[in-house]
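Notes to accompany the following structure.
Quick note: the coordinates plus some simple rules give every number you see, no bench work behind them. In this text, all values refer to a predicted model and were calculated from it rather than measured experimentally. Cβ atoms come from the backbone with ideal geometry, glycine included; neighbour counts cover every protein chain shown.
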Amino acid sequence: MASKISRKEFAELWKGLSADRQAGFFVWPSLRGSGLTKREESLLRQYAPWGVSFFARSFPTLVQARQTVSAVRAAVQSGRPSVLPTGFMAIDEEGGRVSRLPRPFPKLPSMAQMATTSDEDLASQVILQAGVAKAVGVNMIYAPVCDLLVEPENRVIGDRSFGANVELVVEKARLVALTLQELGVCPVLKHFPGHGFTKEDTHLQLAHTDLREDVLVDREWKVFAELITSIYVPAVMTCHVVFESVDPGVPATFSKPLIEGTLRKRLRHEGLVISDDLRMNAIAQWLGEERGLQAAIDAEVGACADQPKTSNDAYLAEASLKALEAGCDVVLSCRSVEREVVCLQALSDRLQRDAGFRDACETKAFRVYLSALDFDR
């Protein structure tokens with residue numbers, strides 16, 4: 001277990017890191033399949049990313065999942081000073097149709113189903129999820145879902161939500177987040193500022209809303225506000241929805257008014273801000289990259305990693321930089337380590353040539369470090 005170092009000590013350590021390893025704080029990739037290829041291992045050593053997202057394709061069995069996570073941890077740690085923690089090994093494990101852990105891990109009820117049961121039953125489900133995740137080396141789960149299911153036709157959120165009632169969603173999300181933390185797993189509240197009122201699926205296309213800000217304050221944002229003020233919230237994930245009343249034409253992931261203005265200053269969130277997957281079609285569409293919409297959601301819903309190869313990944317470099325400039329601390333890009341080099345290298349290049357950007361990123365890096373230290377168990 002790494003020991004805590006001071007802000008000043010961290011600043012000196014940051015200056016001594018290569019630009020590639022500085023970039024690794026902020027771009028969290030995934031793996032192509034089960035186990036590490038030699039190329040993946042080499043890239044993990046080179047960039048030492050502070051987070052890796054795992055999907056079902058990398059976890060065919062629990063034994064193989066544990067071996068793969070162990071190999072990733074070893075590769076990442078080999079490229080990092082020993083005083084620093086390994087970082088985050090992360091999965092989506094909500095229950096219901098969004099699940100990454102393989103058999104014999106059981107298929108658990110959805111959040112919608114669990115919202116109608118007792119708190120003890122919900123906590124028991126989270127204990128099972130977290131316990132198995134920890135056993136294979138995972139220390140971050142992208143949950144709980146804090147979206148209010150305001151639009152019944154919203155299929156991308158649907159039964160992943162606890163419901164449409166603010167108090168109920170706050171109560172259940174708080175229980176999930178606290179239980180995960182008690183077990184040493186970092187929860188990630190999602191999807192700020194809210195995705196439960198749209199009909200569009202951002203895996204497939206950009207979503208827009210013209211909801212007035214006062215409606216958002218009293219409804220969607222109230223969930224996040226109450227959780228942030230009542231418990232420690234180590235991380236929040238953004239969504240790729242355009243909130244026209246706040247920042248016209250700009251998805252929340254790239255909106256400084258929403259991230260810095262609302263989430264940081266208004267709601268006083270001090271933890272990590274993590275983007276949803278930049279490979280979703282919503283982002284390609286926003287940045288003018290033509291992609292086929294056949295990348296439909298599969299049975300797991302969060303199948304962003306299974307989208308077909310786009311003809312040009314260059315837009316991801318722009319997306320990564322824009323998200324970080326808007327206030328995200330971390331960007332997720334979930335196809336493979338090899339494919340995400342476009343993001344890592346773009347960020348590395350910017351860090352080398354832009355001193356102001358590098359200084360701003362140092363603050364983000366320290367936040368990533370402190371969060372990782374909290375869950376380095």
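Observations on the model:
- Dipole moment magnitude, nearest 20 debye, the chain about Cα centre, only Lys, Arg, Asp, Glu C-beta charged: 1320
- Under 5 Å, built H, 5+ apart or other chain: amide partners of Val331: Val27, Trp28, Ser275
- Computed on the Cα atoms alone, the convex hull of the stretch 1-115 gives a volume of 128 cubic angstrom per residue.
- Given charges at Cβ of Lys, Arg, Asp, Glu: the chain dipole, positive-most of Ala115, Phe224, Ala90: Ala90
- Mean separation of Cα contacts under 8 Å, 6 or more apart, over the residue count of the stretch 81-127: relative contact order %: 24
- The residue among Gln181, Ala19, Ala360 whose Cα reaches farthest toward the positive pole of the charge dipole of the stretch 19-374, with charges on the beta-carbon of Lys, Arg, Asp and Glu, is Ala19.
- Going by neighbour counts of Cβ atoms within 10 Å, the residues Ser333, Ser42 line up, fewest first, as Ser42, Ser333.
- Out-of-range pairs (alpha-carbon distance over 25 Å; input Lys107/Lys222; Lys38/Lys190; Lys15/Lys38; Lys15/Lys134; Lys8/Lys222; Lys222/Lys256): Lys107/Lys222; Lys38/Lys190; Lys15/Lys38; Lys15/Lys134; Lys8/Lys222
- From helices alone, the chain scores -12000 deg cm²/dmol at 222 nm; the rule is -39500 (n - 2.57) for each run of n ≥ 4 DSSP H residues, then divide by the residue total.
- The stretch 329-377 and the stretch 60-81 have Cα centres separated by 20 Å.
- Here is the P(r) of the chain: all C-alpha pair distances, binned every 10 Å from 0, give 5, 26, 37, 25, 6, 0 in whole percents.
- Taken about its Cα centre, the stretch 172-236 carries a charge dipole of roughly 200 debye when the Cβ of each Lys and Arg holds +1 and the Cβ of each Asp and Glu holds -1.
- Relative contact order computed over the stretch 39-114 (Cα-Cα under 8 Å; 6+ residues apart), in percent: 37
- Shown for the chain are the DSSP H helices of 15 Å or more along their axis, judged by Cα atoms, with a mean Kyte-Doolittle hydropathy of at least 0.0: 62-78, 119-136, 166-182, 220-230, 315-326, 341-353, 355-374.
- Its Cα centre serving as origin, the stretch 93-160 has a Cβ charge dipole (Lys and Arg +1, Asp and Glu -1) of approximately 440 debye.
- Whole-number percent relative contact order across the chain, with pairs defined as alpha carbons under 8 Å at least 6 apart: 19
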